[in-house]
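This report refers to the structure that appears directly beneath it.
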Amino acid sequence: MLAQLAQQTESFVRPAIDWHAVAPELTLLAVGALVTLLDIVFLERGRRFTSAVAAVGLLITMVPIVTLALDGNDRSLFSGAFVVDNYALVMKALFVLSAYVVVLLSANYVAEGDYWENEYYGLVLSSVLGMVLMASARDLITVFVALELLSIPAYMLASWRKRDLKSNEAGIKYYLMGVFASAILLYGMSLLYGSAGSTLLTDINSAVGASGAPSAVVVLGIVFVVVGFGFKVSAVPFHTWAPDTYEGAPTPVTAFLSVASKAAGFVALMNLLFVGFVERGDIYEPLLWVLAALSMTVGNLIALRQTNIVRMLAYSGVAQAGYMLAPLAVASSVPDTALSATVTYLVIYAAMNLGAFVVVMAVARKTRSAEISSFNGLFSYAPGLAVAMSLFLFALAGIPPFGGWFAKFRVMEAVIEAETTSGLVLGVVVAVNSVIALYYYARIGLGMWANDAPDGDLTPVRLPFSLASALILTGGVTLVFGVLPQLVGDLTQVSLLSGIGG
Amino acid sequence: MDFLNDWGLTLVTFLPLAGALVMMAIPKEEEKVLKQAALLTSLATLAAGIWLLVEFDYDRAGSLQYVVDKNWIEVIGSGYTLGLDGMSLPLLALTVLVMPLVFIYSWDHIPSPGNAKAFLALMLILETGMIGTFVAQDLILFFVFFEVVLLPMFFMIAVWGGEDRRYASLKFFLYTMFGSALMLLGFLALFFLSKDPVTGELLRTFDMRVLTDAAGAGIVRSSQLLIFGGMFLGFGVKVPLFPFHTWLPDAHTQAPTQGSVILAAVLLKLGTYGFIRIAIPMLPEAAEAWAPWIGLFAVIGIIYGALGCLAQTDMKRLIAFSSVAHMGFVMLGIATLTDFGINAAIFGMVAHGLITGMLFFIAGSVKERYHTLEIKRLGGMLLQAPRLGWILGFTSMASLGLPGLAGFWGEFPAILAAYQPANGIPEETFRGYMVVAAIGTVLAAGYLLWLLQRTAMGEPSEEFANDPHITDVNRFEWIAWSPILFLIVLFGVAPGLIFDVTDPAVVESLNNCLQLPDGCEGVAAATTAMFGG
């Protein structure tokens, strides 16, 4: 028996691995291992270096991503389960750079809060590894492994302030909801696998994409997959975990969840949708239409009533997810425009939302509060921060010339280009929602500029170096993308259809 | 000359922004330097504007000049396209002229709570947005400039405004944003649906020149009507057309003087300009269908605004409502879709910009002296500050449309044009509008003369009788105001100065309308008959 097994093992031939293609993942893995080793070898003395090692490691990860982009060839490994194309590279860069900003945000926060540092960065890095892997995943198993790899560290990070009840609640809620979503997703995947007989997304596409009425199994499979990711991207009505988790989690982790983790959910959804069942618009389009319209409207309406800025950003994030879902609701008629619109939105959203969190953290260093009213009078004692926050808020609202307008424009472009009534109506929903959203963004702007500082306290805010650099990075990107949208347009002219011969 | 052709419009558009950036580097405490920098920037912009005006080829006022056409956002097919023709030239001139005057006025009138740096920098950014809107020849570029105007104005009202500034600024912001979001949808639909009239191929362009030539070819009527509806909301809110006008009285009343002046002089024109530059030439068929409705809203606005004025107790609010009425005349001229009416509308925009801008300057100065604008408490201005009183009298006369002053040439031809609208538009309806609008001018005379009587005439009220703060027009006010007063007379006496420039461009933009199956022959006839060719 054993001999037989041994013989089989010998006959195992390692598939050819393109080391260049997996270099970003390997680099991240190495950095993560290094951070853990530092902790084991140097114990407490290693604390001072971990954040720097993590940050530099993330920047080093950008090197293979850039060389792969310069090389320009699409690469496919493991019989098509792992693909490196422009889309994957743009998303990988987005994840790595967002994580870099999150590390910048965490440096002072984690050190001053006396939290475990090495483990913190190790978990952030492994979560990013999952996301980077997700960008290339074109196979059900790979998608699922990547999803768990990015989620499980995030559950722990959410409850990092372990002496705080709210943080514990955040972690537990996120964990339970996440596992529940995984279960639904897995069930959907199993149905798709059952009807296609393969885990490769391209095979699924050829099996379910055939014309004619779909079988009930395929319908259920697609619906469950979309719903499963609906949890991940916090679309209404699967959003209920988001506000509590965002409020309770440490603020840098909230920034990480609301940008990188949400983007990863979208990437997974887009991989499955565009490579796996793009022609099944009759099933997923009505579903996504409803999810998008609900997310925008409900997210915005509830955001109007928030008094805590992190909760407000959570609900605004729900609404923003609605805008990102909107192009996917017309994906079968204009697949390339829809994908490009959602990717554009993700890229710009990352810059502006992270930026807003940078300011929230900077202000909280002084006011020790996350109430919206604590932003009153910011302009009188920290004009730079007030201008930056206005930039991010009005970018989120979609006011030119800040980045957000182009993201919204691409979304509207996609739904109009479909030239269907439902697309047009969705466009009007987006337009009306931008106005609703403007109210709560502008109200904060009003408070910062036109109200008096609470208690007349006008001591300036001291900005640590890491926060200042994060602010310059995100602010610069938000502004440049708004004035010269062609830059982001070049990056996001991507397609996922080549893999399925579309 | 080459420099002007390639860079002239870019220069005049972005000079103010560059000035604002330079001001960022000047410390907040150096108020005098900041004011000098802002004034110098706006004067340089004025100089660049005058240079453009001088070198402008007036024989070809109908075609775009100084055209710049560069790539900007290739992924969506949008370019950095600028151009100036007879339609945008008067509005550009108005903008570059009014801004330095506002900065001069600001020399000793920085509203509470101070912070000259931010206040002046915001106004410079505003100037870039306004100029850009008038010279943009690409829909997306137009949209971006159109929106860039919002933020500075929002902050000007929110920070430097009156008691209710928070409410007023948010209302202003939300109203305009609502309109422009739907307008953007309209632009996108135009992009995807427009076809080349000759070859029938999809155009897929945001270039306003191309879309104007296509004139909605290949778009089915129902879509045209919807797209026009989106633009109607976007531009109509900005004008503001009844029933979207309710933000205006609040914004005007709460805004600081400078904000009110800019709002009245230039910002409202962005809406009417949008109608004559984009909505009507690009969708003439839909414009014809919408025209009776636009006319209806316009005359309701004329009467409603006038009645509103009669009911006001606050001088600034009264002037704000008079804006609603005056913009009603402009919209009535536009709704006729005739060369004559649209020329009148452009004249009306310039005249309203100068006259109402001036009235808000006066209101600001009155407020500064009396610390109130309540009409009941004012009185006897002619005795206490005779020059200020006379300027108020003169501007009121101009505003009510006294022949010989600029206001007349905006209103009278607009009413006249309603007698014979373009073919395909119900004549009887517009003749009805004409009568209503004429009644509106009587009401205008009523509320303005009544305002004058209550504020300027009679004896000063007891509480202000011996108030030493009530002084006559000071030096900065003279410098800021005299160019406006001069132009009100000049354009009143020689209206041809504007009509000669705008007419070729208007004819050019209406050409497409002239080609409609049964429509618009009337335009040519009306033009020849009334305007002398």
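The values are calculated or read from the model by the stated rules, or taken from the named source; none is laboratory data. It should be emphasised that the depicted structure is a prediction, and the values quoted were computed from it without experimental measurement. FYI the Cβ positions are ideal-geometry reconstructions off the backbone, even for glycines, and counts take in every protein chain you see. Surface areas here come from the heavy atoms of the whole protein model, side chains and all, with no ligands, DNA or RNA. Shrake-Rupley method; radii C 1.70, N 1.55, O 1.52, S 1.80 Å.
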key: the protein assembly as shown: calculated mean residue ellipticity at 222 nm from DSSP helix runs of at least 4, using -39500 (n - 2.57)   = -24000 deg cm²/dmol
query = Is any residue of the range A:254-283 close enough, with backbone N under 19 Å, to a label point placed 7 angstrom from the Cα of A:Ser495 along the Cα-Cβ axis, and if so, which?
reply = A:270-281
remark   = Each label sits 7 Å from Cα toward the beta-carbon; between B:Leu21 and A:Leu43 the label points are separated, in nm, by 5.5
Sequence of A:Asp490, A:Asp457 when ordered by accessible area, the most exposed leading, probe 1.4 angstrom = A:Asp490, A:Asp457
inquiry  = From the gyration tensor of the Cα coordinates in the range A:280-502, what semi-axes in whole Å does the equivalent ellipsoid have, largest first, with each one equal to sqrt(5λ)?
reply    = 34, 19, 13
ask   = In Å², rounded to the nearest 100, what is the total accessible surface buried by chains B and A against each other with a 1.4 Å probe?
value = 3300
remark   = Straight-line reach check, A:Lys232, cutoff 12 Å on alpha carbons, 8 or more apart in-chain or any other chain, hits among aspartates and glutamates -> A:Glu148
ask   = Per-residue HN-Hα couplings for the range A:317-330, Karplus 6.51 cos²θ - 1.76 cosθ + 1.60 at θ = phi - 60°, whole Hz, x for Gly and Pro?
value = x, 4, 5, 4, 4, x, 4, 6, 6, 4, x, 5, 6, 10
query = Under 13 Å Cα-Cα from A:Lys92, which aspartates and glutamates qualify once same-chain neighbours fewer than 8 residues away are excluded?
reply = A:Glu25
ask   = To the nearest 0.05, how large is the calculated FRET efficiency for B:Arg221 and B:Leu307 if R₀ is 56 Å and r is the Cβ-Cβ distance?
value = 0.95
ask   = Label-point separation (nm) for B:Glu428 and B:Asp57, each offset 7 Å from Cα along Cα-to-Cβ?
value = 4.9
key: Residue order for B:Lys367, B:Lys269 - accessible surface, 1.4 angstrom probe, largest first   = B:Lys367, B:Lys269
message = How long are the semi-axes of the equivalent ellipsoid of chain B, defined as square roots of 5 times the Cα gyration tensor eigenvalues? Whole Å, largest first.
response = 36, 27, 20
remark   = The answer for the range A:280-502, accessible area per residue at 1.4 Å probe in Å², is 29
request  = Using a 1.4 Å probe and ignoring any ligands, DNA or RNA, find the accessible area of B:Leu337 and quote it in Å² to the nearest 10.
outcome  = 10
task = Can you spot the lysines whose alpha carbon is less than 28 Å from B:Lys195's alpha carbon? Ignore those fewer than 8 places along the same chain.
result = A:Lys408, B:Lys70
Portion, in percent, of the accessible area of the range B:2-531 that falls on carbon or sulfur, probe 1.4 Å = 63
inquiry  = For the range A:215-349, take N as its residue count and report Rg(C-alpha) divided by 2.2 N^0.38 Å.
reply    = 1.03
message = Testing the spin-label approximation: label points 7 Å from Cα along Cα→Cβ at A:Asp457 and B:Arg454. State their distance in nm.
response = 4.8
query = Counting Lys +1, Arg +1, Asp -1, Glu -1, what net charge surrounds A:Val425 among other residues with beta carbon under 14 Å of its beta carbon?
reply = -2
query = Excluding ligands and nucleic acids, what accessible area in Å² is computed for B:Trp160 using a 1.4 Å probe, to the nearest 10?
reply = 10
task = Find the eigenvalues of the gyration tensor of the Cα atoms of the protein assembly as shown, then list the square roots of 5 times those eigenvalues as equivalent ellipsoid semi-axes, largest first, in whole angstrom.
result = 56, 34, 23
message = How large is the accessible surface of B:Thr372 in square angstrom, using a 1.4 angstrom probe and rounding to the nearest 10?
response = 10
Prolate/oblate/rounded label for the range B:237-317 (Cα gyration tensor, a/c 1.5) = oblate
inquiry  = Can you give me the accessible area per residue for chain B, using a 1.4 Å probe, in Å²?
reply    = 32
request  = Please report how far the C-alpha centroid of the range B:282-337 lies from that of the range A:157-181, rounded to the nearest whole angstrom.
outcome  = 58
request  = Give me a single rounded figure for A:479-487: the average over its residues of other chain Cβ atoms within 10 Å of their Cβ.
outcome  = 2
message = Probe radius 1.4 Å, ligands and nucleic acids ignored: give me the carbon and sulfur share of the accessible area of the range A:396-437 as a rounded percent.
response = 70
message = Using only the heavy atoms of the protein chains and a 1.4 Å probe, how would A:Lys366, A:Lys232, A:Lys262 rank by accessible area, largest first?
response = A:Lys366, A:Lys232, A:Lys262
ask   = Which peptide among B:94-101, B:292-299 comes first, and what is the full order, when sorted by highest mean count of other Cβ atoms within 10 Å?
value = B:94-101, B:292-299
remark   = Placing +1 on each Lys and Arg Cβ and -1 on each Asp and Glu Cβ in the range A:280-502, then taking the dipole about the Cα centre, the residue among A:Ala292, A:Leu339, A:Leu426 whose Cα reaches farthest towards the positive end is A:Ala292
inquiry  = When only alpha-carbon atoms are used, what values of Rg and Dmax, in angstrom, describe chain A?
reply    = 22.3, 81
task = Kindly state, to the nearest 0.05, the FRET efficiency for B:Asp314 paired with A:Tyr115, given R0 = 56 Å and r defined as their beta-carbon distance.
result = 0.45
